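The next block holds one structure in the form of structure tokens; read it before the comments.
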Amino acid sequence: MKSRNYSESEKFAAVERFLVGGESVATIAADTGISRSTLYAWIKSAQIEPGMLEFTRKNFRMLEAKVKRLEGIVEILQIANCTANAPLNERLQALEELHGQYNVHILCDALKVPRGTFYNYIFRNKRDNTWYAKRREELRIRIQQIYDESKQIFGAGKITAVMKEEGYKVSQEMVRELMRDMGLLSIRQDAKKVYAKERRSLKNHLNQQFEVTRPNEVWVSDVTYFLCKDIKYYICAIIDLYARRIVGYRVGKRNSTQLVKSTFKQAYESRKPAGQLLFHTDRGSNYRSYAMCSYLREFGVIQSFSKAGVPYDNSVMESFFSSLKREELYRTKYRSEQELRAAIAEYIKFYNETRPHAKNGYKTPFKKEQEYYVNSKQNEKK
């Protein structure tokens, strides 16, 4: 029987499906009619020949970047307070809330807002309309754009060079002054000193003192993950130490600042703490990020961090995640993401309202909190 001659494009397409798409040889053979032995020979050749290997790596990088971008857009659309078809002002307000958490390009693409419109909205000053102020504001907008596009690498010198090439009449001193006013700093500048200072500032205010006197006095938080159909799902939870009650949780596909920030926002809006609140976590970069720390400072929340390499400093969270996995997640084979999310929600409701807790004298977290508020009201009447 005479063997068929395949074109280079057919060969590349088949090899790409294996090396980039992750499909099995059996699947590709059944779909294309190409024998398995031929496919194995092509794949072996692709892993040896420099030209073909370069082709597949390039495509892999492109596909990987595209997938990350699409994942970012999907996550933004899931957490944004409006849709991409909402009025422009609503979309701009939603982007403003997420600014600093995601790449500006992805933010604007997700909600279909031109980047120039977004930057004008963020940085314009409606109160001051003098020529000098307007010019400085125009420079601020372009400086911020270049800074974001360089992934925060460019300092005043490089930004000035880019602007001059674009026709802006600006000095390096002016750019440096505006960057200082805007709080922009190249990540290359004094990176080691900034890192060392950050490490010194991560104080452990809680220091394993898990006994508190009232609800909303100390919250602890952490992130864990669970594999469902070979996909990692990250679970962020917050516990109020008084009754060991789960006061907020979120499930996401990325262990990001946005995940922990949105979890805290959910808990804060639900609980509305009246007194001083201490928020204790490990030293994860999502909890240490500028966006998260700034957000907590807005509410006057004191941050506390576990010591490096000391899991006991956040043992309450470790205990909860252990219970969640042993009592629910490890016992069930979930058929979909929806089933996993529903199971987590059901378990947390069970944990708060039905499951007795030894630390509460075998009362549920809900019952322990309820007794506190009843006793507080009775004491007020006396």
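The values are calculated or read from the model by the stated rules, or taken from the named source; none is laboratory data. Just so we're clear, the structure is a prediction, and the values are computed from it rather than from any experiment. For neighbour counting, all protein chains shown are included, and Cβ atoms are generated from backbone atoms with ideal geometry for every residue, glycine included. To get the accessible areas, we keep the full protein, side chains included, count just its heavy atoms, and leave off ligands, DNA and RNA. Shrake-Rupley method; radii C 1.70, N 1.55, O 1.52, S 1.80 Å.
Evaluating 6.51 cos²θ - 1.76 cosθ + 1.60 at θ = phi - 60° for every residue in segment 334-346, the Karplus couplings come out as 7, 8, 7, 4, 4, 5, 4, 4, 5, 5, 5, 4, 5 Hz, glycine and proline recorded as x. Amide H to amide H, with H built 1.01 Å from N, SER35 comes under 5 Å of no residue 5 or more places away or on another chain. Go through LYS134/LYS169; LYS112/LYS265; LYS272/LYS325 and tell me which ones have a Cα-Cα distance over 23 Å in this structure. The answer is LYS112/LYS265; LYS272/LYS325.
If you add up the charges near PRO311, with Lys and Arg at +1 and Asp and Glu at -1, over every other residue whose beta carbon is less than 12 angstrom from its beta carbon, what do you get?
Values: positive: ARG283, LYS307; negative: ASP222, ASP282, ASP313, GLU318.
So the environment of PRO311 carries a net charge of -2.
Send over a whole-number figure in Å² for the accessible area per residue of segment 230-382, probe 1.4 Å.
Heavy-atom accessible area per residue stands at 54 Å².
Around GLU90, with a cut-off of 13 angstrom between Cβ atoms, what is the net charge of the other residues, counting Lys and Arg +1 and Asp and Glu -1? Before the final figure, lay out each step's value.
On the way: positive: ARG91, LYS112; negative: GLU96, GLU97.
Charge balance near GLU90 sits at 0.
Quickly rank 264-277, 312-325 as a protection proxy: mean count of other C-beta atoms within 10 Å, highest first. Please report the intermediate quantities before stating the final value.
Numbers: 264-277: 14.9, 312-325: 17.1.
Those peptides, ordered most packed to least, come out 312-325, 264-277.
A Stokes-Einstein calculation at 37 °C with viscosity 0.692 mPa s, built on the Kirkwood radius of segment 259-382 over Cα pairs, returns a diffusion coefficient of 191 µm²/s.
Shape call for segment 238-312 from the C-alpha gyration tensor, a ≥ b ≥ c root eigenvalues: rounded (a/c under 1.5), prolate (a/b greater than b/c) or oblate? Intermediate results must be reported in sequence, preceding the final value.
On the way: a/c = 1.26, a/b = 1.15, b/c = 1.09.
In terms of gyration-tensor shape, rounded.
Amide H contacts for TYR225 (H built 1.01 Å from N in the peptide plane; partners 5 or more residues away or on another chain; cut-off under 5 Å): ILE235.
Counting only other residues whose beta carbon sits under 11 Å from that of LYS333, what net charge do I get with K and R as +1, D and E as -1? List each step's numbers first, then the result.
Working: positive: LYS229, ARG331, ARG335; negative: GLU339.
Charge balance near LYS333 sits at +2.
In this structure, the residue pairs whose Cα-Cα separation is over 23 Å, taken from LYS203/LYS261; LYS253/LYS359; LYS261/LYS307; LYS307/LYS363; LYS203/LYS349, are LYS253/LYS359; LYS307/LYS363; LYS203/LYS349. Around the amide H of SER304, modelled in the peptide plane, lie the amide H atoms of PHE279, HIS280, THR281, all under 5 Å away and 5 or more residues distant in sequence or on another chain.
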